1. When N counts the residues of the stretch 526-565, how does its alpha-carbon radius of gyration compare numerically with 2.2 N^0.38 Å, as a ratio?
2. Through the Karplus equation 6.51 cos²θ - 1.76 cosθ + 1.60, θ set to phi - 60°, convert the phi angles of the stretch 478-485 into ³J(HN,Hα) values in whole Hz; use x for Gly and Pro.
3. Using the per-residue mean of other Cβ atoms lying within 10 Å as a proxy for protection, in what order, highest first, do the peptides 471-484, 211-224 fall?
4. Per residue of the stretch 575-588, what does 6.51 cos²θ - 1.76 cosθ + 1.60 with θ = phi - 60° give for ³J(HN,Hα)? Whole Hz please, x for Gly and Pro, Karplus curve as stated.
5. Give me the accessible area per residue for the chain, probe 1.4 Å, as a whole number in Å².
6. With both partners inside the stretch 327-479, how many of the DSSP beta bridges are antiparallel, as a percent to the nearest 5?
7. For GLY464, enumerate residues with amide H under 5 Å from its amide H, sequence gap 5+ or separate chain, H modeled in the peptide plane.
8. Work out the charge dipole of the chain with +1 on the Cβ of Lys and Arg and -1 on the Cβ of Asp and Glu about the Cα centre, then indicate which of GLY564, GLY476, ALA207 is farthest towards its positive end.
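The values are calculated or read from the model by the stated rules, or taken from the named source; none is laboratory data. A quick note: this is a predicted structure, and the numbers were derived from the prediction, not measured. Cβ sites come from the backbone with ideal geometry, for glycine too, and all protein chains shown count toward neighbours. Each accessible area value is taken on the protein alone, full model and side chains, heavy atoms only, with ligands, DNA and RNA left out. Shrake-Rupley method; radii C 1.70, N 1.55, O 1.52, S 1.80 Å.
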Amino acid sequence: MNVWRRLSGPRRTLALAGAGVLVAGGLVTIPVTAAQAATQCDIAYTTNDWQGGFTANISIKNLGDPINGWTLGWTFPNSSQRVQQGWSAEFSQSGSQVTARSLSYNGSLATGASTTLGFNGAWSGSNPKPTSFTLNGVVCNGGGGNPTTAPPTTAPPTTAPPTTAPPTTAPPTTAPPTTPPPGTKVDNPYAGVKGYVNPEWKAKADAEPGGSRVSNNPTAVWLDRIAAINGTPNSSSNGAFGVREHLDEALRQGAGYIQFVIYNLPGRDCSALSSNGELGPDELPRYKAEYIDPIAAIQSDSKYRNIRIINVIEIDSLPNIVTNTSGQPGGTVMCDTVKANGAYVNGVGYALAKLGAIGNVYNYIDAGHHGWLGWDSNFGPTADILKTAAVASGSTVNNVHGFITNTANYSALTEPYFKVTDNVNGQTVRQSKWIDWNFYVDELSFAQAFRSKLISVGFNSNIGMLIDTSRNGWGGSARPTGPGATTSVDTYVNGGRIDRRAHAGNWCNQAGAGLGERPRANPATGIDAYVWVKPPGESDGSSKEIPNNEGKGFDRMCDPTYGGNARNGNNPSGALPDAPISGAWFSAQFQELMRNAYPAL
């Protein structure tokens with residue numbers, strides 16, 4: 001029997017990159033002007049620009065008296081600049097003049113307090129930054145200094161701007177002095193509520209021809225580095241939104257759940273190159289203090305207690321230390337290191353304990369996919385290491401709500417034209433080169449069986465599974481319509497299989513792939529939801545080495561000319577050409593995914 005290896009590839013993150021070239025927007029700090037009333041403020045305006053569009057992030061800092069309710073105003077220098085979709089404020093535009101009004105939860109600003117808002121916009125010709133902002137009708141300061149002509153800091157009550165609400169009308173979403181009790185966990189956090197649509201991903205999808213057909217689907221927010229917690233406005237991956245901004249926008253949308261990918265373990269993705277992380281294998285203390293703790297602090301804010309916060313925990317981590325250490329095909333020294341020093345097990349345990357203690361947070365651990373873990377030699381040992389991590393660093397199995405398979409991968413949800421129990425001319429189809437003695441041929445059967453195995457090793461009986469269906473549709477003209485010829489096990493399997501990859505070990509920007517089932521709850525027994533955790537259109541990795549300052553490497557499995565290695569049976573990589581670095585927007589891939597979607601768009 002073939003002892004298998006890692007077949008799941010590097011995962012990257014939310015992209016704010018444009019289709020092709022990302023132009024990093026500048027930071028505008030408004031020059032100091034003479035204050036005209038007690039309201040004084042500091043405005044920071046940043047943008048990420050691409051051809052014809054941009055995302056703007058605005059920070060308001062109150063330098064004057066406390067205010068309850070604010071109205072921010074500015075004038076676009078270019079008459080073509082338009083606000084298309086905003087968040088954390090109510091936007092309106094008349095000609096070039098824009099107004100943004102506070103919402104119920106962010107209208108109160110104490111002296112020195114800040115809040116952020118933003119929008120997706122469009123432009124033609126040029127996209128210059130506004131040069132002046134007003135808050136409640138008063139021109140804002142820029143550097144925080146007080147002009148000599150400033151009036152007294154205490155404004156007479158009669159001069160309060162009309163939008164100021166009396167203290168007794170403070171919105172109920174403002175956190176009271178005592179923290180309300182945490183929310184009660186439900187059995188399936190996806191059931192009965194709508195998911196959060198990331199406006200940064202939506203803007204990219206909407207900019208593509210036909211993209212509006214899918215841009216309202218919920219996708220996950222990837223936190224692939226410490227900086228992503230507060231937002232990375234000048235990055236080709238992630239975006240200007242940090243964790244708090246995404247949660248605030250989820251409140252604005254009235255979303256019932258939001259999905260984050262927790263993805264920054266020490267020595268991350270130890271067997272790949274394009275998704276290695278920022279932390280070295282010995283930096284577990286930094287992972288805890290600078291990454292997990294700040295995320296937990298934000299997610300535990302009582303302001304967000306009514307949102308079901310779903311955390312997908314550390315893609316590609318724990319299965320790697322089962323299948324990609326010394327003695328395995330393609331085993332690496334890095335995987336040996338993080339297995340020996342406990343970085344993965346203890347890091348995952350700490351994340352589970354810290355995040356699982358929050359009443360409205362639901363943790364789902366990554367569990368590979370059938371083309372990686374479907375052999376007995378991998379199936380049982382992976383379940384065991386998942387259990388070990390679930391009770392490490394002070395955690396218990398109660399901090400695990402479930403597991404996810406096929407994250408950012410391409411394995412078909414179901415194979416309708418053959419089963420693993422089929423025989424051809426007296427031979428089991430498990431002998432075919434494609435199946436290669438695996439016990440599973442698709443993700444649904446694997447996820448359901450792995451759920452049972454996980455319960456048997458000590459996880460709670462009500463755990464649920466997620467399957468990432470963002471790129472496993474395999475529709476289009478190449479999709480088979482019936483079984484293959486019964487000449488041999490290979491002709492039978494290859495002629496009828498939905499998954500058209502050259503090998504199940506191919507994971508990078510796969511040619512011919514399509515969008516899969518749309519996100520929905522309770523699709524099958526034991527499955528909490530089909531989800532789009534990997535946002536369609538975001539690259540898995542560059543097709544050639546591209547110098548960058550974002551820590552993105554180059555893996556030959558993303559090179560369309562590569563002939564493969566031991567992990568993929570020395571087959572061609574099947575990757576699309578001209579791909580950008582991982583996490584960056586890949587227009588050609590997005591168009592291919594829509595073209596080959598199944599169910600079709």
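1. On the way: Rg = 14.6 Å, N = 40, 2.2 N^0.38 = 8.9 Å.
With N residues counted in the stretch 526-565, Rg over 2.2 N^0.38 Å equals 1.63.
2. Listing the rounded values in order: 7, 6, x, 10, x, x, x, 5 Hz.
3. Values: 471-484: 17.6, 211-224: 22.3.
Packing proxy ranking, top to bottom: 211-224, 471-484.
4. 7, 6, x, 6, 7, x, 4, 4, x, 7, 5, 10, 4, 4
5. Values: 21300 Å² over 601 residues.
Ligands and nucleic acids excluded, the figure is 35 Å² per residue.
6. If we restrict to bridges inside the stretch 327-479, about 20 percent are antiparallel.
7. GLY402, PHE403
8. GLY476
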